[in-house]
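So that we are looking at the same thing, I have put the structure below in structure tokens.
What follows is calculated from the coordinates using simple rules that are stated; it is not laboratory data. The model shown is predicted, which means the values in this text are computed figures rather than measured ones. Cβ placement follows ideal geometry from the backbone for every residue including glycine, while neighbour counts extend to all protein chains displayed.
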Number of protein chains: 2
Amino acid sequence: MKTVDRFVVTDWFMQLQDRICSALEKADGKGVFEEELWQRPGGGGGRTRVIQNAHILEKGGVNFSQVHGILPEKIALALQVKGRDFFATGVSIVLHPFSPMVPIIHMNVRYFEVSSGEKWFGGGIDLTPIYVDPKQAHFFHKELKHICDLHHNEYYAQFKHWADDYFFIKHRNETRGIGGIFFDKLAETNEITLAQRFEFVKDVGNTFAPAYTKLMEENKDLKYGKQEKQFQLMRRGRYVEFNLVYDKGTKFGLETDGRTESILMSMPPEANWIYNFVPINNSKEAQTMALLTKGIDWISIV
Amino acid sequence: MKTVDRFVVTDWFMQLQDRICSALEKADGKGVFEEELWQRPGGGGGRTRVIQNAHILEKGGVNFSQVHGILPEKIALALQVKGRDFFATGVSIVLHPFSPMVPIIHMNVRYFEVSSGEKWFGGGIDLTPIYVDPKQAHFFHKELKHICDLHHNEYYAQFKHWADDYFFIKHRNETRGIGGIFFDKLAETNEITLAQRFEFVKDVGNTFAPAYTKLMEENKDLKYGKQEKQFQLMRRGRYVEFNLVYDKGTKFGLETDGRTESILMSMPPEANWIYNFVPINNSKEAQTMALLTKGIDWISIV
């Protein structure tokens, strides 16, 4: 039976980073990613690629890392593993466009090994439109369902549900955006090999660039004014709240002494907090807020 | 021996909120605090007072709350108490001025009782100047040392050290500002009664308005430009990071289902994240960054 080699996974993730950066530069039309290589004192390092003040993209990162060493006890407990030596590699992306009409996007794909023998893949991709357009949400989820269905007929339902629960700002009782898919600890089972898990993760990774560049293209020329910009800055504030209060990748990074600037590339270039923001009844802001809820079936909505 | 009555403490905190709001409105010259009363489903509630877009103050809150009920297990563990019924009351303040020349300030004073018998006071006050002026830092610490010394000759050294450790952004390896004092679990001991602890906390509370309004007055007319404003927005981003990643009050509030808008009134009106900000050598930004470190003796510095 085919097995999964950590170096093959690492290499595939590095190439994914290359391909995504090229596709984004092309779609943006102006921006160029700047690269920084870094080493982690405890073992491993990464290749951070950041874009700032481009044409469509205001700030974003497409980061590759491969880290190894000793897991802090807290993290080992959270992961429910006995081993303390770990190996992890992955690609993490967050993109903040200038225009409130172009959605924020996030993707992460990762592979993990622990010395007690566990090996698994994890990942997720979710979209945060400032204004939710049900047709685009439908498109995004249809793409994700398509690749899920190629691998297992329960993946989409299961991982969409998981994303609804994960990308949720509990203290606001609202989702971060329209969700997507989220999965973790996809290990080998009697039915599914680790190599098959890897093929699924590859398909997730490969879907990112075509799906997001289409959304960039479709929305980049839409007009907007002060009201839309203000709403974007508020929604970005919620994005900050999610990432710093709940996001496990951010916590893992900060607690394993990852490179702070690479971890926090997910922060928006600018964000606002207005006390007690309440959208005007029936406004487009109110329509979006009403859609920031779990359990919406974006496949059958249009 | 004099004891401490929870209703007397509650009442004193409510009056402190009144007095501080009046003093700040007077010093600002234009702003008026808006009040919202809220109730906590699990027991208690609060009186949130928020100021926005005033003359000197861009956004801030002076919040009183008195909450009681059942402690979540996680919090009981963190507090190292056996009892699960709790009573807590306090005043929390964060003020974000428009001008980068006027420091951000925070104060919290609180009283806690748990059904296993523990009763204690806690609190802290710390200053976050965007540009650190050693003379003003000296003034601020001298005021704090003065009231500490009235109560115990070890309070200042101990609580200043505690503040250095507490108001610390670990993942940046920098302090939030110039610190101040921080203290927790000030319970009755053989030497010090709870009533004496209360007198100390009263003095801390009473020091806030005169000390901060003096700093408002001294700095409000200083000129600044784009560079100072940009630096302020970056430093405010770090303030957000501290509050969402480390601040125990914020965590306690969010985990005990406090009122989100009251807890997160500490968020700045606007904040920026620039990838990999590095100040220019010998610039005033670099001078400030060099002072964001633990262990500076602000009393003997000038």
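Which number comes out as Rg/Rh for the range A:166-241 once both Rg and the Kirkwood Rh are worked out on C-alpha atoms?
1.11
Separate question: If you line up the long axis of helix A:194-219 against the longest principal axis of chain A, both from Cα atoms, how many degrees apart are they, to the nearest 10?
20 degrees
On full extension of the chain, what length is gained from B:Ser22 through B:Val302, given 0.36 nm per residue of separation minus the C-alpha to C-alpha distance?
Stretched fully, the B:Ser22-B:Val302 segment lengthens by 97.6 nm.
So, with +1 on the Cβ of K and R and -1 on the Cβ of D and E, and no other charges, what is the size of the charge dipole of the range B:39-131 about its Cα centre, to the nearest 20 debye?
Using Cβ point charges on Lys, Arg, Asp and Glu, the range B:39-131 gives about 180 debye.
Using the number of other C-beta atoms within 10 angstrom as an exposure proxy, rank A:Lys202, A:Lys223 with the fewest first.
A:Lys223, A:Lys202
For the residue pair B:Asn153 and B:Gln227, what label-to-label distance in nm results when each label sits 7 Å from Cα along the Cα-to-beta-carbon direction?
With each label point 7 Å from Cα toward Cβ, the separation is 4.7 nm.
Taking other Cβ within 10 Å of each residue's Cβ, how do B:Glu217, A:Glu255, A:Glu241 sort, fewest first?
The fewest-first ordering by Cβ neighbours comes to B:Glu217, A:Glu255, A:Glu241.
At a Förster radius of 60 Å, what calculated FRET efficiency corresponds to the Cβ-Cβ distance of A:Thr293 and B:His146, to the nearest 0.05?
The pair A:Thr293/B:His146 has a calculated efficiency of 0.70.
A further question follows. Would you work out the charge dipole size for the range B:216-273 about its Cα centre, treating the Cβ of every Lys and Arg as +1 and the Cβ of every Asp and Glu as -1, and quote it to the nearest 20 debye?
For the range B:216-273, the charge dipole is close to 240 debye.
To continue, here is another question. At 7 Å along Cα-to-Cβ for each site, give me the label-to-label distance between A:Lys248 and B:Thr193 in nm.
Between A:Lys248 and B:Thr193, the label points sit 5.3 nm apart.
Hey, got the average number of other protein chain Cβ atoms within 10 angstrom for residues in A:247-258?
Across the residues of A:247-258, the mean count of other-chain Cβ atoms within 10 Å is 1.
Now for a different question. Quick check: from the Cα gyration tensor, does the range A:235-301 come out rounded (a/c under 1.5), prolate or oblate?
Oblate is the answer for the range A:235-301, as a/c is 1.5 or above yet b/c matches or exceeds a/b.
Could I ask something else about it? B:Lys284: net charge of surrounding residues, Cβ under 15 Å, Lys/Arg +1, Asp/Glu -1, itself excluded?
Combined, the nearby Lys, Arg, Asp and Glu give +2.
Another one. Which value, in nm² and rounded to one decimal, describes the direction-averaged projected area of the C-alpha convex hull of the range B:92-206?
In nm², the orientation-averaged hull projection of the range B:92-206 is 8.3.
Treat every Asp and Glu Cβ in the protein assembly as shown as -1 and every Lys and Arg Cβ as +1, leave all other atoms uncharged, and give the resulting dipole magnitude about the Cα centre to the nearest 20 debye.
Charge dipole of the protein assembly as shown: 380 debye, to the nearest 20.
What relative contact order, as a whole-number percentage, does the range B:6-290 give when Cα pairs under 8 Å and 6 or more residues apart are counted?
Dividing the mean separation by the residue count of the range B:6-290 yields 17 percent.
Sticking with this structure for a sec: Pulled fully out, how much extra length does the chain show between B:Ile280 and B:Arg6, if you take 0.36 nm times their separation in residues and subtract their Cα-Cα distance?
Roughly 93.4 nm would be gained on extension.
Let me ask another. For the rotation that brings chain A onto chain B, whose beta-carbon in chain A is nearest the axis, and what is that distance in whole angstrom?
Spelled out as residue then distance in Å, it is A:Leu244, 2.
Give me the one-decimal Kirkwood hydrodynamic radius in Å for chain B, with the sum taken over alpha-carbon pairs.
19.7 Å
Right, next: Which values of log₁₀ I(q)/I(0), to two decimal places, follow from the Debye formula for the range A:144-274 at q = 0.09, 0.11, 0.12, 0.20 Å⁻¹ with a uniform point scatterer at every Cα?
Reported log10 I(q)/I(0), two decimals: -0.36, -0.53, -0.64, -1.37.
Rule-of-thumb check for the range B:111-155: C-alpha Rg over 2.2 N^0.38 Å?
Relative to the rule-of-thumb radius for its length, the range B:111-155 sits at 1.64.
Grab the other residues whose beta carbon is less than 14 angstrom from that of A:Arg40, score K and R as +1, D and E as -1, and report the net.
Overall, the nearby charge balance is -2.
When Lys and Arg each count +1 and Asp and Glu each count -1, what net charge do the other residues less than 14 Å away from A:Gly123, Cβ to Cβ, add up to?
Computed value for this residue: +1.
How would you rank B:Val62, A:Val94, going from fewest to most other Cβ atoms within 10 Å of each one's own Cβ?
A:Val94, B:Val62
What is the angle, in °, between the Cα long axis of helix A:226-245 and the longest principal axis of the Cα atoms in chain A? Nearest 10 is fine, range 0 to 90.
Orientation of helix A:226-245: about 30 degrees from the principal axis.
Still on this structure: Work out, in µm²/s and without decimals, the Stokes-Einstein translational diffusion coefficient of the protein assembly as shown at 10 °C, 1.306 mPa s, Rh from Kirkwood over C-alpha pairs.
In µm²/s, the coefficient is 61.
With n ≥ 4 as the cut-off for DSSP H runs, can you work out [θ] at 222 nm for chain B, using -39500 (n - 2.57) per run divided by the number of residues, rounded to the nearest 500?
-13500 deg cm²/dmol
Further question on the same structure: Give me the angle, in degrees from 0 to 90, between the Cα long axis of helix B:6-28 and the longest principal axis of the Cα atoms of chain B, rounded to the nearest 10.
Once rounded, the angle reads 20 degrees.
Of the candidates A:Glu143, A:Glu228, A:Glu191, which one comes out as most mobile in a Gaussian network treatment of chain A with C-alpha springs shorter than 10 Å?
Greatest mean-square fluctuation among the candidates belongs to A:Glu191.
Can you give the Rg/Rh ratio of the range B:3-61, where Rg is from the C-alpha atoms and Rh is the Kirkwood radius?
Over the Cα atoms of the range B:3-61, Rg/Rh equals 1.07.
Take the residue pairs B:Lys59/B:Lys223; A:Lys226/A:Lys284; B:Lys30/B:Lys229; A:Lys248/B:Lys74; B:Lys59/B:Lys145; A:Lys185/A:Lys248 and return only those whose Cα atoms are more than 24 Å apart.
B:Lys59/B:Lys145
If one puts a single equal scatterer on every Cα of the range B:55-154 and applies the Debye formula without solvent, what log₁₀ I(q)/I(0) results at q = 0.10, 0.12, 0.13, 0.17 Å⁻¹?
Rounded to two decimals, the profile gives -0.42, -0.58, -0.66, -0.92.
Between the alpha-carbon centers of the range B:23-47 and the range A:108-176, tell me the distance in whole angstrom.
40 Å
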